[in-house]
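A quick write-up on the structure given underneath.
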Amino acid sequence: MEKYKKASIVGLWLYFVISTLVTFQEYPAVLEGRELYLGTKVILQIWLLGICIWYPMNPYGLWPNIMVGIHIIVSNIHGQYFSPWYVFSYIEMILAYSFLFPVPRKPFNILLIVGTAAFLGISIYRYDEVYRWMYESQPMDLVTTTVSAAVVAWMCHNFFTADRTYREELIRKFGIIGVQAATIVHDIKSMLSAPRLYTDLLKQKIPQNDSELSILVDSLEKQLMNINRAVTGLNQVVALQDQKKEEFSVRDIVIEVGETLSLQSRSIELQARGDLRMVTEKALVKSILFNIMMNSIHAFRRNKISHPVIRVFCDSDAFVISDNAGGFPEAILKSIANYRFDAFDGTGMGLFLVWNGVQTLGGRVYFTNGVDGAQIKISVPLKTQAQGRKNLRYFLRPS
């Protein structure tokens, strides 16, 4: 991405230099309001100089680039108002720089629409002068301007936008895979915490004269530490795996995760009603359910629930996971509403991974409180749905 940073900075300074030079060329052609034209132009150039100095400090920031876009629009309104042919002398530079914008699609589209509307509006307002300029221009001038603008637009799109979009898409995908890798590490580490805790308790209860048992427990502790280090090291390996889309049943994933977490041996009842078939990354959905159920298990322990129950209901376009662990405190719900997952006890990694995983799927997640506990509703997009809901029930009661 470094070359795009340099290209944006160079393009911005070129824009400043060219706009300054065009001012000297254009000033003699302004017949009315020369003082107003020059005064406002000086203000615009001082503003642009400030942007040029500020921009390298944060070249990928949203506001520096939006400021550039706004300046381009205002400059065109200003220049086109005083000289209707002004826009054509700028069109190549505007097109070239617009394709270098590291601005999200929505703000960029707004800038594009506003700029286009301003151009058309003033062209209509000064229609007589625009028409006179086009009528008096040589046909070859119009052809050259149009062709050069089209060529510059094509070159920028082909060599900058396409290449940049491809690289950014790769970075986005690897970022998602990296989060999934972190999810796997987080999940396995959570599963390793109990054996390590039991090992510490066992060491405290070993008689001092039983050296053989102490050696075995020490060996077990070292093995658990080695596994923990290996899991952390697997982060790089897992991050390179390609997540393929496949069709699966959410109900089957719920049951599978319940078995993985040994809910039955933990005396936790699992209830699954309905079914929803999806076509997406199976590992991602499994990770979402895994983190939700792990949070429920921690809540059961913390609140000392005598008869813990996890309920999963699948509908035609969503599934709801709830428990009877008492629910989210209001402070946590308020923090989640503001997308702050680190404002309460623990790291907040579990709920963050749930939220981020659902965002990756293109769905929506709602954290609320039910009658007796927390309730998380996940709405899945239409593109991930395979078939309708089946009226199935599943109960896994503790042994």
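Exactly one residue out of PRO107, PRO64, PRO59 is in contact with a Phe, Trp or Tyr (Cβ under 7 Å, 6 or more places away or on another chain), surrounded by 13 or more Cβ atoms within 10 Å (Cβ to Cβ), of a type outside the set (Asp, Glu) and modelled with pLDDT of 60 or more: that is PRO64.
Out of curiosity, is ARG277 basic (Lys, Arg) and touching a residue at least 60 places away in the same chain (Cβ under 8 Å)?
On the way: basic (Lys, Arg): yes; touching a residue at least 60 places away in the same chain (Cβ under 8 Å): yes.
Here the answer is yes, as ARG277 does meet what is asked.
Scan region 285-329 for residues that are crowded, with 18+ Cβ neighbours inside 10 Å and at positive phi and the total you get is 1.
When you go through GLN385, GLN375 one by one, which is the residue that is within 23 Å of GLY274 (Cβ to Cβ) and at pLDDT below 75? If you could, list the steps in order and put the result at the bottom.
Values: GLN375 fails: at pLDDT below 75.
After applying the criteria, what remains is GLN385.
What do you reckon, is LEU270 buried (at least 23 other Cβ atoms within 10 Å of the Cβ), over 21 Å from LEU361 (Cα atoms), in the same structural domain as ASP323 (by TED's automatic domain parsing) and in contact (Cβ under 8 Å) with a residue 60 or more places away in the chain? Against the criterion (buried (at least 23 other Cβ atoms within 10 Å of the Cβ), over 21 Å from LEU361 (Cα atoms), in the same structural domain as ASP323 (by TED's automatic domain parsing) and in contact (Cβ under 8 Å) with a residue 60 or more places away in the chain), LEU270 qualifies.
The values are calculated or read from the model by the stated rules, or taken from the named source; none is laboratory data. Source: prediction; values computed, not measured. Please note: Cβ atoms are built from the backbone with ideal geometry, for glycine as well, and neighbour counts cover all protein chains shown.
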